[in-house]
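Novice: Encoded as structure tokens, here's the structure I'll be asking about.
The values are calculated or read from the model by the stated rules, or taken from the named source; none is laboratory data. All values derive from a computational prediction rather than experimental measurement. Heads up, the Cβs are rebuilt from the backbone with ideal geometry, glycines too, and the neighbour counts pull from every protein chain shown. Side chains included, ligands, DNA and RNA excluded: accessible areas come from the protein's heavy atoms. Shrake-Rupley method; radii C 1.70, N 1.55, O 1.52, S 1.80 Å.
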Amino acid sequence: MCQIQSRDIDVIQKLNVIDYDPEYLELCCPVTACIRRSSDAAPVSWVVCHADYQIGALLTVDQYRSRGLAKYILHSLGNKMIAQFAAKIALLYDDCAVNNAFKLQMVTELTNINTQRLFERFGFKPVDNVSWAECKFDIQKHQHEHNIAYSKL
């Protein structure tokens, strides 16, 4: 598992529905997850943690869909977010100290049913019938449950 690099930003801008500013994506690069094609190292699936700790820009290139890649990169990003932001996110939620958990938020287009279903399988719940959802992650459990192996693409 790797993260998005500066060289990937053009591809992400081209394929994502939302037209992200290249400088913004550059700032997000350290907390991303990406799977690359072995033949040329091109990204085939990625996800970004936005500056406000929301999960977004999830995309798997069409020919690589239905292989579980989005699930795998979401697990990876969740672990990165726990490692880097758990203390900061905990400050936003009173119940974190008591429950050893924190909430993650995602955003997707209302018409993107497949992504909404994927996030629901992760435990995200819609909020107010809009494109926002949140999920509470148990920090200790989440760090130990991701041992998924993938063959080369």
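Novice: Are there any pairs with C-beta distances below 7 angstrom linking a residue in region 1-15 that is without any contact (Cβ under 8 Å) to a residue 24 or more places away in the chain to a residue that is part of a helix (DSSP H, G or I), with the two at least 6 apart or on different chains, and if so which?
Specialist: Hits for this filter: Ser6/Glu26; Ser6/Cys29; Ile9/Pro22; Ile9/Leu25; Ile9/Glu26; Gln13/Pro22.
Novice: Which numbered condition in (1) in contact (Cβ under 8 Å) with a residue 12 or more places away in the chain; (2) surrounded by fewer than 17 Cβ atoms within 10 Å (Cβ to Cβ); (3) among the small types (Gly, Ala, Ser) is the only one that Ala41 fails?
Specialist: Only one criterion in (1) in contact (Cβ under 8 Å) with a residue 12 or more places away in the chain; (2) surrounded by fewer than 17 Cβ atoms within 10 Å (Cβ to Cβ); (3) among the small types (Gly, Ala, Ser) is unmet by Ala41, namely (1).
Novice: Only one of these conditions is not met by Met1: (1) closer than 21 Å to Phe124 by Cα; (2) within 14 Å of the chain's Cα centre (by Cα); (3) open to solvent by 70 Å² or more (accessible area, probe 1.4 Å). Which number is it?
Specialist: Among (1) closer than 21 Å to Phe124 by Cα; (2) within 14 Å of the chain's Cα centre (by Cα); (3) open to solvent by 70 Å² or more (accessible area, probe 1.4 Å), the lone unmet condition for Met1 is (1).
Novice: Moving on to the next point. Would you mind telling me which numbered condition in (1) assigned to a loop (DSSP other than H, G, I, E, B); (2) open to solvent by less than 10 Å² (accessible area, probe 1.4 Å) Trp46 fails?
Specialist: With (1) assigned to a loop (DSSP other than H, G, I, E, B); (2) open to solvent by less than 10 Å² (accessible area, probe 1.4 Å) applied to Trp46, the lone miss is (1).
Novice: Of the residues that make up region 8-25, is at least one in a helix (DSSP H, G or I), over 23 Å from Arg121 (Cβ atoms) and of a type in the set (Ser, Thr, Tyr)?
Specialist: Yes, there is a match, as at least one residue in region 8-25 is in a helix (DSSP H, G or I), over 23 Å from Arg121 (Cβ atoms) and of a type in the set (Ser, Thr, Tyr).
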